[in-house]
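Student: Okay, handing you the structure first.
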Amino acid sequence: MTVRQFTDEKLVIASHNSGKLVEIADLLAPFNVETLAAGSLGLAEPEETGLTFIANAELKALASATVSGLPALADDSGLAVDALDGAPGIYSARWAETPSGERDFQFAMHKVEMALAQKPDEPRTASFICALSLAWPDGHVESFEGKVDGTLVWPLRGLHGFGYDPMFLPLGGDLTFGEMQPEAKHAISHRADAFTQLVEQCFGG
């Protein structure tokens, strides 16, 4: 089946996460596409009811494309810890929800570390996974999934990035995602992997 090419001048980024918005806008910069944040258009965040990263990315992309009348790109990503049977996985953002209802990834990383402490003999291997879905107002959608493997460190290292970055050490690396400069992370991240596939298929390489 032929993959649909992106030929528009504007693209909605269907995310309300400021860190993701910056990363995706940076990745799109070479393609002269005007990016519009879903929040700036007043688009609501749909409930993420999918059971996979791709299902949730498609749900968010289609919701923004349908309401805005513009193509929309959505990301669904998370940390999958081998010793925790893939958790937090698609619930990575929910693990960051505090009892007061706020979202705190320091809190989330402590939860991961506490869970790993209960399994001291298990490896600390993990993967970051990212699904990117590009949807059009007519309901067509193209989806791609990227992955990067690594191990989890403690204590946390670095102030760059967002989410679980300060505890994730990519395989073969010396710096956590939290210690890397953005351009270094972009070169190897799960989002960059998915984005490379998206560009090759939908932006003509």
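The values are calculated or read from the model by the stated rules, or taken from the named source; none is laboratory data. The model shown is predicted, which means the values in this text are computed figures rather than measured ones. Positions of Cβ are backbone-derived with ideal geometry, glycine not excepted, and every protein chain shown enters the neighbour counts. Side chains are part of the model used for accessible areas, which takes the heavy atoms of the whole protein and leaves out ligands, DNA and RNA. Shrake-Rupley method; radii C 1.70, N 1.55, O 1.52, S 1.80 Å.
Student: Could you please give the count of residues in segment 86-133 that are open to solvent by less than 40 Å² (accessible area, probe 1.4 Å) and either at pLDDT 95 or above or within 16 Å of Phe53 (Cα to Cα) (or both)?
Tutor: 22
Student: If I filter segment 63-70 for residues that are in contact (Cβ under 8 Å) with a residue 24 or more places away in the chain, touching a helix residue (DSSP H, G or I) at 6+ places or on another chain (Cβ under 9 Å), within 18 Å of Leu156 (Cβ to Cβ) and open to solvent by less than 30 Å² (accessible area, probe 1.4 Å), do I get at least one hit?
Tutor: No, every residue in segment 63-70 fails to be in contact (Cβ under 8 Å) with a residue 24 or more places away in the chain, touching a helix residue (DSSP H, G or I) at 6+ places or on another chain (Cβ under 9 Å), within 18 Å of Leu156 (Cβ to Cβ) and open to solvent by less than 30 Å² (accessible area, probe 1.4 Å).
Student: Something else: Taking the residues in segment 82-135 that are without any contact (Cβ under 8 Å) to a residue 24 or more places away in the chain and among the hydroxyl-bearing types (Ser, Thr, Tyr) as candidates, determine which candidate is farthest from Val3 (Cα to Cα).
Tutor: Ser100
Student: A further question on this structure: Here's a check for you: in segment 30-47, which residue that is in contact with a strand residue (DSSP E or B) (Cβ under 8 Å, 6 or more places away or on another chain) and not acidic (Asp, Glu) is farthest from Ser18 (Cα to Cα)?
Tutor: Taking the candidates together, the pick is Val33.
Student: Inspect segment 136-144 for any residue being under 16 Å from the mean Cα position of the chain (by Cα), touching a residue at least 12 places away in the same chain (Cβ under 8 Å), under 19 Å from Ala108 (Cβ atoms) and surrounded by 15 or more Cβ atoms within 10 Å (Cβ to Cβ) and give the result as yes or no.
Tutor: no
Student: I've got another one for you. In segment 177-205, which residue that is of a type in the set (Phe, Trp, Tyr) and out of contact with any Ser or Thr (no Cβ under 8 Å at 6 or more places or on another chain) is least open to solvent (accessible area, probe 1.4 Å)?
Tutor: Among those that are of a type in the set (Phe, Trp, Tyr) and out of contact with any Ser or Thr (no Cβ under 8 Å at 6 or more places or on another chain), it is Phe195.
Student: Taking the condition of being of a type outside the set (Ser, Thr, Tyr) and over 17 Å from Ala61 (Cα atoms), how many residues in segment 99-145 meet it?
Tutor: Matching residues across segment 99-145 total 28.
Student: Take the conditions buried (at least 18 other Cβ atoms within 10 Å of the Cβ) and either under 14 Å from Asn17 (Cα atoms) or acidic (Asp, Glu) (or both) and apply them to Leu59. Does it pass?
Tutor: no
Student: I'd like the full set of residues that are closer than 16 Å to Val112 by Cα and touching a Phe, Trp or Tyr at 6+ places or on another chain (Cβ under 9 Å), limited to segment 155-175.
Tutor: Phe162, Gly163, Tyr164, Asp165, Pro166, Met167, Phe168, Leu169
Student: Across segment 154-176, what is the number of residues that are among the hydrophobic types (A, V, I, L, M, F, W, C), open to solvent by less than 20 Å² (accessible area, probe 1.4 Å) and either at pLDDT below 95 or not in a strand (DSSP E or B) (or both)?
Tutor: Within segment 154-176, residues that are among the hydrophobic types (A, V, I, L, M, F, W, C), open to solvent by less than 20 Å² (accessible area, probe 1.4 Å) and either at pLDDT below 95 or not in a strand (DSSP E or B) (or both) number 1.
Student: Residues being among the hydrophobic types (A, V, I, L, M, F, W, C) and over 29 Å from Leu11 (Cβ atoms): count how many of those fall in segment 55-103.
Tutor: The total comes to 5.
Student: For segment 29-52, does any single residue satisfy the condition of being open to solvent by less than 80 Å² (accessible area, probe 1.4 Å), closer than 14 Å to Cys202 by Cα and either in contact (Cβ under 8 Å) with a residue 60 or more places away in the chain or under 19 Å from the mean Cα position of the chain (by Cα) (or both)?
Tutor: yes
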